[in-house]
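For reference, the structure discussed in these notes is given below.
The values are calculated or read from the model by the stated rules, or taken from the named source; none is laboratory data. Computed from a predicted structure; not experimentally measured. Methodologically, a virtual Cβ is constructed for each residue, glycine included, from the backbone with ideal geometry; neighbour enumeration extends over all protein chains shown.
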């Protein structure tokens, strides 16, 4: 009888394990729907310039976008993520024009994320493979100035000790090989090998990293196709085949919280692109530091300083600005980016390096009503690019003769836990030197007023 009892228990365990292994996965759905109305004025700083070709004088633009995500979880060690994003549609245009929805007008939904996320059996080693967000460590500016975007690749991370972890991976950033076949070898891909060492101790943390990017013989094709001209020297356009060889970056973020309520955050980044000739080289620095005070129970204060190297006056020796893949760094919420929803800031180009800037921000300001908060920013920036440097873009780049003031006041109101209304008021004064940029290009005032809503589910 005892043997029969043990056999019954064993069969029960086996059947239970079998049922568990074939259990249906859990599927969760998440996403968001957003609508944003932006009143804008003089975003191209072209008031009084009759020759302006990129006019930004449309008084009101309303845009909307939607994300939809499916997360399929088999167990605590295995899941897959599939995400879609609609185009950022403008009301009155394309499929959003009157009676055009469903008529065949262009209105696409694109793949945004598609990746596996699993832990290697019996270990703490995590593997992600597919299309997913890849961002280098950054403590200031909300995200890395080098790379912060979705890309394809494989990332492996694992704790080494309680305080030390390691992350290593490979990404295929861009690939313009359009021809398929045995002899098809355009060699236009851009890859990146990433290694980071997150260190977390009581009161202090940092994540040193190194990135190496071999560039295909015709990689400049990918650079132009995918609009990442911040990766190479703009002074050397047009590019020839094999004009660039490889690129690399190193740096670290830094967080010091042991003196709470004072917190110090900082980043130090350096990047270099090696060209076949000196005129195709590009290299430069980023340094930023922020002092936060979190001792108030009704808001947080931050004082930020940032510096990036700028171009000199010699176009034949390449670029002195740090190479950029896809960045998302911003202070304030207008000039450098940092918009509240979408289409509500001036950061249309990641190539505007060459500045030093200081910002004072008050965030999470508690208002008179529950769920109502405010952010306020004052930003000043001055260029570090030589006034005789080539390939500068008016309204985006700042030379040593140019400066910029910004004032923002943003309001967030939670109508429901899942539904938030946003209001942003922004002002930028650009003091540009028309001796550098030409007649009627002396800057001016740019304004924005936005009102939008985001539903997250």
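Data table
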quantity: Output for the stretch 110-128, where each listed residue is part of a strand (DSSP E or B) and surrounded by 12 or more Cβ atoms within 10 Å (Cβ to Cβ); calculated: 112, 113, 114, 115, 116, 117, 118, 119, 126, 127, 128
quantity: Residue 399 touching a helix residue (DSSP H, G or I) at 6+ places or on another chain (Cβ under 8 Å) and in contact (Cβ under 8 Å) with a residue 12 or more places away in the chain; calculated: yes
quantity: Count - residues of the stretch 346-391 that are closer than 25 Å to residue 432 by Cβ, outside any strand (DSSP E or B) and in contact with a strand residue (DSSP E or B) (Cβ under 8 Å, 6 or more places away or on another chain); calculated: 8
quantity: Of all residues making up the stretch 54-87, the number that are closer than 22 Å to residue 44 by Cα, modelled with pLDDT of 90 or more and loosely packed, with under 14 Cβ neighbours inside 10 Å; calculated: 1
quantity: Residue ranges of strands (runs of 3 or more DSSP E) in the stretch 139-245 with at least 3 members at pLDDT 90 or above, more than 26 Å from residue 331 (Cα to Cα) and in contact with a strand residue (DSSP E or B) (Cβ under 9 Å, 6 or more places away or on another chain); calculated: 148-159, 165-174, 190-196, 209-214
quantity: Flag for residue 338 being out of contact with any strand residue (DSSP E or B) (no Cβ under 8 Å at 6 or more places or on another chain) and part of a loop (DSSP other than H, G, I, E, B); calculated: yes
quantity: Identity of the residue in the stretch 283-323, modelled with pLDDT under 95 and not in a loop (DSSP other than H, G, I, E, B), that ends up surrounded by the fewest Cβ atoms within 10 Å (Cβ to Cβ); calculated: 316
